[in-house]
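Down below is the structure, laid out as structure tokens.
The numbers here are math on the coordinates, done by the rules we state, and not lab data. Bear in mind that the values here come from a model prediction, so they are computed numbers and not experimental data. FYI the Cβ positions are ideal-geometry reconstructions off the backbone, even for glycines, and counts take in every protein chain you see.
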Amino acid sequence: MAIDLIIVDNYEELSQRAADIIASCVEADPACTLGLATGTSPIGLYAKLVEKCQAGEISFKDVTTFNLDEYRGLNPEHNQSYRYFMNHHLFDKVDINKEATHVPDGADPDAEHACAIYEQLIERNGGIDLQLLGLGHNGHIGFNEPQDDFPAKTHLVQLTQRTIEANSRLFDSIDDVPREAYTMGIGTIMAARSILLVATGSSKAQIVHDVMYGLVTPQVPASILKFHPNVTIIVDKEAGALCQQ
Ligand code: F6R
């Protein structure tokens, strides 16, 4: 049940190690299903995967993907939508079949429908083999913010002020940041057969420590990963500064 914590020297090494783990999953099963994340942390590893694919070392042609989350109210073409991010950093640069890439439908105003459809799609696909995660400063994974329980399924969330502020760096103004999102639930994430979380920088040191050694509580959503049988966390030395190795 222990989390496998890997502390590396820098972001470059983190990106390489994480890309290698994902590439191994694809090599072992070329028709595997990957759960993917957006945010700053995975950009380097996506670039490594693009390099590997363009060098002919791996192929995504039979891979299926499900992203963790999407802002509600943004069209896929919006340059801050998570669909746009994924196209830009990965899907448009590798040989993946776009039809097999899934992101919750942020343009669907019917939250119940959008979330139920997404959950069904994951289930019908046979679940997720490897789920990639970033880590919020408050311990959020996907858009599962600290709260009183662990939400099980894909659902609508109201973003916290802290997350809105953190994400505002990517928008023209803070008023443009959507206030709501659709996200896989903690149950959806925990059902993945393996999980890979990446975190970088000194601002993540405390939360990485709390996830590794703190109590399991929905106030630190990622703390539940301790109950998953197959989790790897890769951090750079700044983010791992408060962890023993
Ligand atoms: C992204 C996501 C978020 C981020 C988290 C960390 O799809 O679900 O949970 O992983 O906010 O973001 P960065 O990597 O930008 O620090």
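Between region 86-125 and region 156-221, what is the C-alpha centre distance in whole Å?
Here the two parts' Cα centres lie 19 Å apart.
Looking at the chain, identify the longest residue range that excludes and avoids all GluC sites (Glu not before Pro) in DSSP loops having at most 13 other Cβ atoms within 10 Å. Write out the running numbers ahead of the final one.
Working: sites that count: 57, 77.
Between the exposed loop sites, the longest stretch runs 78-245.
Take the alpha carbon gyration tensor of region 25-129, find the square roots of its eigenvalues, order them as a ≥ b ≥ c, and report rounded if a/c is under 1.5; if not, report prolate when a/b exceeds b/c, else oblate.
On the way: a/c = 2.35, a/b = 1.39, b/c = 1.70.
Because a/c hits 1.5 or more and a/b fails to exceed b/c, region 25-129 counts as oblate.
Take the alpha carbon gyration tensor of the chain, find the square roots of its eigenvalues, order them as a ≥ b ≥ c, and report rounded if a/c is under 1.5; if not, report prolate when a/b exceeds b/c, else oblate. Write out the running numbers ahead of the final one.
Numbers: a/c = 1.30, a/b = 1.02, b/c = 1.27.
Rounded is the answer for the chain, as its axis ratio a/c remains below 1.5.
From Cα pairs below 8 angstrom and at least 6 apart in sequence, can you work out the relative contact order of region 155-217, rounded to a whole percent? Walk me through the numbers before you get to the answer.
Values: 29 pairs, mean separation 19.0, N = 63.
Relative contact order here is 30 percent.
Residues with amide H under 5 Å of residue 8's amide H, sequence separation 5 or more or different chain, H placed in the peptide plane at 1.01 Å from N; which?
Excluding prolines and chain starts, which carry no amide H, the hits are 235, 236, 237.
In whole Hz, with x marking every Gly and Pro, tabulate ³J(HN,Hα) for region 125-138 from phi via Karplus 6.51 cos²θ - 1.76 cosθ + 1.60, θ = phi - 60°.
7, x, x, 10, 7, 9, 9, 8, 9, x, 9, x, 4, 9
Students often forget the sequence filter, so: which lysines lie under 19 Å Cα-Cα from residue 48 once same-chain residues fewer than 8 apart are removed?
Straight-distance partners of residue 48: 61, 93.
Identify which of 174, 234, 195 has the largest mean-square fluctuation in a Gaussian network model of the chain, with springs joining Cα atoms closer than 10 Å.
Comparing 174, 234, 195 in the GNM, the peak value goes to 174.
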